[in-house]
Amino acid sequence: MRHWMLGLGVGLWAAFVFGGVTAQTDDLAAEEVQVTNHLDLFGLEQSFAIGTLSNESADAYQNIRLSAEVYDADENLIGEGLGYLVRACGEALDADFALQPDQRAPFSVQLDLFEADVLIDRVEIIAQGETTPATLTAAAGDLPGITRLSSAEVVDVEWIDGDSLRYSSGCWRDVFTNRAWFEYHRSSGITEPITHPRAADVTDALRAAIRLDDPALFNRSFFSFAPGGRRAVYQTDLNTLATVEPDGSFVRVLYDELFNISLQGINWHKNSGTFLAYYHGGYGDEVRYLVANADGRQFSQHPMVALPSISVPGFAANGRGVVITTTGDAGTGYYLKPTTTDNLIPMFEAEPPGNNWPAPFYEITPEGSRWIYIARPVEGEARLQCYNPDSRQLHDLTALPLNLATDERGWLWLSPDNQTLALAANGLNGGLWWIDLTQFEACD
């Protein structure tokens, strides 16, 4: 895949329509523009201009249409293009979408170059749309104990220590090396772009050793290193799940015969090396799952055998227990379940969230204390709750700045010192939030 980074000389301007008359405006600004080549729907290589469009006005814009003019270094027009606003994974936004003030959305414009092998110097992005009254929403800063760190589509977080974390934005399906990474330090309040510390370990030799040297196959592999560990987990070209050393040696197959279910994500439990892989076909489908570790140890039944969950399960670092939602003898709600059997231990009745909501985070301390943090909708509002399996008490902690459409997702990660939760979501209402658990009641 070839990329042309457009320099400071790129011309960026926007226009909108009033009563059929097009006028120039600075309200809509194209940013972070790149030109990239990739395959279109017909398998042909095409050039695309991608970037983000931000709304810098006090009004919202709807019916946004994008076009492009492509120039060479001699200011000759060498191509044109049409495009639209998209999500991070490239899906077009709904036709009735309105870009709110201070909101940003990715775009993709397919370029039609008049001649082959021309050198692009600059691209002008032209945005047309119609103003509409802004829809105001409560800011995350209005919630005590919760701080918004990013408004990007954040899809992964790795805690460094109780004060620092790294996170990535982009498409949740992309392998970690194909997403943008950042590091945040609470003590300084500084966020800075970084290269993931394990990116250099993803070599051509490694990809060849695991037979994922094809970029498309590697990008769908969910390849990731265990946080704080040595080995990695990945999905093969035949959907078998395996772990491997950084040099491609000592491959250990965990589960096979997974070709008829779709891997949707791999959740790691802190620095334990234990992970849960979850599978479903789309929103509304039941979730199948497995629990294993980076060393190649299986903790759970095969996903096609284990009792499925309505939502994405949480899991303990020791690999012995999961938190699922299902209908059991105590009704529909949350249950604890051993990973090796289908015996259900009732927690509490509730209407489960969809399979796009954050998985519960199940923590067992070295002293044996247990907490399960749960994000779920309660009477139409996203809430953070904590369940103590020993006292069997459910604590309602706070509202959450979470607004998930059915094609958007959320995630939760607990810090190493158990003092903070990182909440992330993708989509147009996505972002990353720091939740200070010391501001809420103890989960006793």
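When exposed loop sites are taken as chymotrypsin sites (Phe, Trp or Tyr not before Pro) in a DSSP loop with at most 10 other Cβ atoms within 10 Å, the longest stretch of the chain clear of them is 43-258. Positive-end ranking of Leu421, Asn388, Pro377 along the dipole of segment 353-444, with charges on Cβ about the Cα centre, is headed by Pro377.
Would you give the gap between the C-alpha center of segment 379-410 and the C-alpha center of segment 209-256, rounded to a whole Å? Cα centres, segment 379-410 to segment 209-256: 33 Å.
Counting charges near Asp94 (Lys, Arg +1; Asp, Glu -1) among other residues having Cβ under 13 Å from its Cβ returns a value of -3. Taking one quarter of the surface of the convex hull spanned by the alpha-carbon atoms of segment 220-289 gives a direction-averaged projected area of 4.9 nm². Taking the helices alone, the chain has a mean residue ellipticity at 222 nm of -500 deg cm²/dmol, built from -39,500 (n - 2.57) per DSSP H run of at least 4 residues and averaged over all its residues. Label sites at Asn76 and Glu56, each approximated as a point 7 angstrom past Cα along Cα to Cβ, lie 3.3 nm apart. With a Förster radius of 22 Å applied to the beta-carbon distance between Asp329 and Glu286, the computed FRET efficiency rounds to 0.70. Between Gly228, Phe250, Ala49, whose Cα lies farthest towards the positive end of the dipole of the chain when Lys and Arg beta carbons carry +1 and Asp and Glu beta carbons carry -1, centred on the Cα centre? After comparing all options, I get Phe250. Net charge within 13 Å of Leu402 by Cβ-Cβ distance, Lys/Arg positive one each and Asp/Glu negative one each, not counting Leu402 itself? With Lys, Arg at +1 and Asp, Glu at -1, the neighbours total +2. In this simple spin-label model, placing a label point 7 Å from the Cα along the Cα-to-Cβ direction at both Arg320 and Ala95 gives a separation of 5.7 nm.
The 3J(HN,Hα) values that the Karplus relation (6.51, -1.76, 1.60; θ = phi - 60°) gives for segment 223-233 are, in residue order, 4, 7, 7, 4, x, x, x, 9, 7, 10, 10 Hz. Gly and Pro appear as x. On full extension, the segment bounded by Asn260 and Ile160 gains 32.4 nm, given 0.36 nm per residue less the C-alpha separation. When the Cα gyration tensor is reduced to axis lengths a ≥ b ≥ c, the ratio a/c stays below 1.5 for segment 289-444, which is therefore classed as rounded. Counted residue by residue at 0.36 nm each, then reduced by the alpha carbon distance between them, the extension gain from Thr340 to Val251 reaches 29.7 nm. Dipole check for the chain: with +1 at the C-beta of Lys and Arg, -1 at the C-beta of Asp and Glu, and the Cα centre as origin, the magnitude is about 1720 Debye. Checking every one of the GluC sites (Glu not before Pro) in segment 150-257 against DSSP loop status and a limit of 16 other Cβ atoms within 10 Å picks out Glu257. If the chain linking Asn219 and Leu44 were pulled fully straight, counting 0.36 nm for each residue of separation and taking away their Cα-Cα distance, it would gain 61.1 nm.
None of the figures in this text is laboratory data; all of them are computed from the coordinates on show. As the structure is a computational prediction, the values presented were derived from the model and not from experiment. Using ideal geometry, Cβ is built from the backbone for each residue, glycine included, and neighbour counts are taken over all protein chains shown.
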